[in-house]
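Undergrad: First, the structure itself, so that you have it in front of you.
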Amino acid sequence: MRLAVMGSSSSIPCPNRACSCYLVQSRHASIVLDLGSGGFANLRQLVDYNHLDAVVITHMHADHFLDLIPLRYALKYGSLRRHGKLDVYLPPSGERMLRRLVSAFESEDSRVDFLDEVFRLHAYDDRKPIEIEDVQLRFARAIHFVEAYAIRAQINRTSVTYSADTAPCDAVVALAADTNLFLCEATLGPCETEAEPRGHSSAREAAQMGTSSGAGSLMLTHYGSSISPESLAEEARRHFKGECGVADDFLQIVVG
């Protein structure tokens with residue numbers, strides 16, 4: 001399994017960094033986890049969009065799904081043609097919100113739907129795994145300001161668990177149990193706190209979740225331009241004894 005970071009910014013894109021977007025590749029599948037602003041342009045540098053097998057969205061905040069729109073235009077008008085529609089997996093309430101958003105765009109042909117012409121939309125159920133070629137995806141409800149789900153991508157015994165946006169969460173820890181790599185947000189910086197209701201984590205809290213899960217390694221992500229990667233890593237290493245790093249766009253690692 002290979003993980004490529006295509007977007008590591010929080011909701012305000014950092015210079016030269018896109019919002020949340022991660023490419024998971026196996027021998028037989030290329031799966032995008034979140035597709036935030038700028039993620040599609042970065043993604044195109046590593047994989048042809050007509051070769052994607054699925055896009056999976058953790059929650060319906062713009063920094064995690066908005067580049068579905070340029071992907072739609074690429075699939076309809078781009079030079080790279082694919083056979084069949086692209087599967088897009090959304091949280092249970094996601095399709096309704098996405099259709100409200102795209103209703104602002106007039107379809108070029110009133111006889112076809114703006115989304116359905118190129119996408120096959122699915123609502124995932126966090127109680128049921130999804131099989132995409134040789135990759136299994138499992139979900140857990142995160143703690144965020146809107147409905148959000150962490151994702152575990154697994155091939156045999158090798159796995160990456162992506163926290164999505166979440167405050168410290170027992171369900172996310174359970175999903176990440178013994179995962180090879182825990183990819184966890186650190187929006188709040190090294191050890192800052194936030195008022196209730198909560199929806200994000202600090203590097204310290206991400207490291208504590210990683211330790212509780214028994215993860216083999218930890219990668220911090222979803223951080224702003226005012227936060228130095230060095231400060232995140234330094235704080236996380238105080239609470240996580242395994243290998244610990246900080247995501248940056250175009251970072252690629254082999255997992256397992």
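Undergrad: Could you go through the stretch 16-21 in sequence order and give the Karplus-derived ³J(HN,Hα) for each residue, using 6.51 cos²θ - 1.76 cosθ + 1.60 with θ = phi - 60°, rounded to whole Hz, and x for Gly and Pro?
TA: Karplus-based 3J(HN,Hα) across the stretch 16-21 equals 6, 9, 8, 6, 3, 6 Hz.
Undergrad: From the backbone phi of the stretch 114-128, what are the Karplus-calculated ³J(HN,Hα) couplings (6.51 cos²θ - 1.76 cosθ + 1.60, θ = phi - 60°) in whole Hz, Gly and Pro given as x?
TA: 4, 8, 5, 5, 10, 10, 10, 8, 10, 9, 7, 10, 5, 8, 10
Undergrad: In debye to the nearest 20, how big a dipole does the chain give about its Cα centre with +1 on each Lys and Arg Cβ and -1 on each Asp and Glu Cβ?
TA: Charge dipole of the chain: 460 debye, to the nearest 20.
Undergrad: Reported to two decimal places, what Rg/Rh ratio describes the stretch 64-215 when computed on Cα atoms with Rh from the Kirkwood expression? Display every interim value, and only then the final one.
TA: Details: Rg = 17.8 Å, Rh = 17.2 Å.
Here the Rg-to-Rh quotient is 1.03.
Undergrad: If you place +1 on the Cβ of every Lys and Arg and -1 on the Cβ of every Asp and Glu, how big does the dipole about the Cα centre of the stretch 123-256 come out, in debye to the nearest 20? Numbers along the way, then the final one.
TA: Numbers: 11 positive and 20 negative charges, 85 e Å.
Here the stretch 123-256 has a charge dipole of around 400 debye.
Undergrad: Residue by residue through the stretch 174-181, what is 3J(HN,Hα) from phi via Karplus (6.51 cos²θ - 1.76 cosθ + 1.60, θ = phi - 60°)? Round to whole Hz and write x for glycine and proline.
TA: Computed from phi, the couplings for the stretch 174-181 are 5, 4, 8, 3, 6, 5, 5, 9 Hz.
Undergrad: Once amide H atoms are built 1.01 Å from N in the peptide plane, which residues 5 or more positions from G224, or in another chain, come under 5 Å H to H?
TA: S10
Undergrad: Right, something else. Would you pull out the residues with amide H under 5 Å of G256's amide H, same chain only if 5 or more places away, H placed 1.01 Å from N?
TA: Hits under the 5 Å cutoff: none.
Undergrad: Using a Gaussian network model on the chain with a 10 Å cutoff between Cα atoms, which of D125, D63, D34 fluctuates the most?
TA: The residue that fluctuates most here is D125.
Undergrad: Looking at the chain, identify the longest residue range that excludes and avoids all trypsin sites (Lys or Arg not before Pro) in DSSP loops having at most 10 other Cβ atoms within 10 Å.
TA: 158-256
Undergrad: While we're looking at this one, here's another question. Based on the Kirkwood radius over alpha-carbon pairs, what is the Stokes-Einstein translational diffusion coefficient of the chain at 10 °C with 1.306 mPa s viscosity, in µm²/s?
TA: Result for D is 88 µm²/s.
Undergrad: Where in the stretch 189-256 are there GluC sites (Glu not before Pro) that are in a DSSP coil and have at most 16 other Cβ atoms within 10 angstrom of their Cβ?
TA: Numbers: sites: E192, E194, E205, E230, E234, E235, E243; in loops: E192, E194.
Qualifying residues, ordered by number: E192, E194.
A short reminder: the numbers here are calculations on the coordinates, not readings from a lab. Note that the coordinates shown come from a computational prediction; the quantities given were computed from them, not determined experimentally. Cβ: placed from backbone, ideal geometry, glycine included. Neighbour counts: every protein chain shown.
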